[in-house]
Amino acid sequence: MASPTLPSALNTERAKPYILGLFRIVTGFLFACHGAASLFGWFGGAAGTGGTIETGAWPNWYAAAIQLVGGLLIMAGLFTRSAAFLSSGSMAYAYFDVHQSGALLPLQNGGENAAMFSWVFLLLVFTGPGALALDQLLGGRTATAAAPEATAAATPAGTAR
């Protein structure tokens, strides 16, 4: 049985790049806020203490720098895949080095943010930035060009591309 189709006014395929772009912008903003809190004491400071992390302190200061710079790059859609890859690895390291020793599950060890950010950024590595990204301006690449399956789906069977 074929799945029901949505009316053309609710065409989800056309909305995908824009929703992905908004997802990237919001996630990048939230990630950058974590870095700004730790580096500058904004938004309640490092871990809500109101303070900052000592410059050069391993690994916290470097993680905060990755959060700020990576979050801003991801939010802007600039070098998105590279910034997301580095940010994902940083959060995986944070989860396994800092949180995993406390308990098995993220809910028990306080590692929900690290785990979620790690997976979200890994997703962006594979999906790309979506619409509304500076990567499109610099590379001349559109959201459709980043998704070859969309082009393949739009081409009727048996026709040449």
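Please work out if Phe121 is free of Cβ contacts under 8 Å to residues at least 24 places away in the same chain and assigned to a helix (DSSP H, G or I).
On the way: free of Cβ contacts under 8 Å to residues at least 24 places away in the same chain: no; assigned to a helix (DSSP H, G or I): yes.
Here the answer is no, as Phe121 does not meet what is asked.
Look at the stretch 65-84: where a residue is of a type in the set (Phe, Trp, Tyr) and a partner is assigned to a helix (DSSP H, G or I), sitting 6+ places away or on another chain with Cβ atoms under 9 Å, you get Phe79/Leu73; Phe79/Leu134; Phe79/Asp135; Phe79/Leu138. Only one of the numbered conditions (1) without any contact (Cβ under 8 Å) to a residue 24 or more places away in the chain; (2) closer than 20 Å to Leu22 by Cα is violated by Gly111, and that is (2).
Could you check Ala157 against (1) buried (at least 19 other Cβ atoms within 10 Å of the Cβ); (2) modelled with pLDDT under 95 and say which number it fails? Unmet condition: (1).
Each row is one residue, and each column tells you yes or no for (1) modelled with pLDDT of 95 or more; (2) small (Gly, Ala, Ser); (3) open to solvent by 40 Å² or more (accessible area, probe 1.4 Å).
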{"site": "Ala84", "(1), (2), (3)": "yes, yes, no"}
{"site": "Glu112", "(1), (2), (3)": "yes, no, yes"}
{"site": "Ser118", "(1), (2), (3)": "yes, yes, no"}
{"site": "Leu124", "(1), (2), (3)": "yes, no, no"}
{"site": "Ala143", "(1), (2), (3)": "no, yes, no"}
{"site": "Pro148", "(1), (2), (3)": "no, no, yes"}
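Tell me, which helices (runs of 4 or more DSSP H) wholly within the stretch 22-109 include 3 or more residues that are in contact with a helix residue (DSSP H, G or I) (Cβ under 7 Å, 6 or more places away or on another chain) and under 19 Å from Pro129 (Cβ atoms)? Answer list for the stretch 22-109: 60-76, 80-94.
The set of residues in the stretch 5-52 being of a type in the set (A, V, I, L, M) and at pLDDT 90 or above consists of Ala15, Ile19, Leu20, Leu22, Ile25, Val26, Leu30, Ala32, Ala36, Ala37, Leu39.
The values are calculated or read from the model by the stated rules, or taken from the named source; none is laboratory data. What you are looking at is a predicted structure, and each value in this text was computed from that prediction instead of being measured. Heads up, the Cβs are rebuilt from the backbone with ideal geometry, glycines too, and the neighbour counts pull from every protein chain shown. In case anyone asks, the SASA skips ligands and DNA or RNA and just uses the protein heavy atoms, side chains included. Shrake-Rupley method; radii C 1.70, N 1.55, O 1.52, S 1.80 Å.
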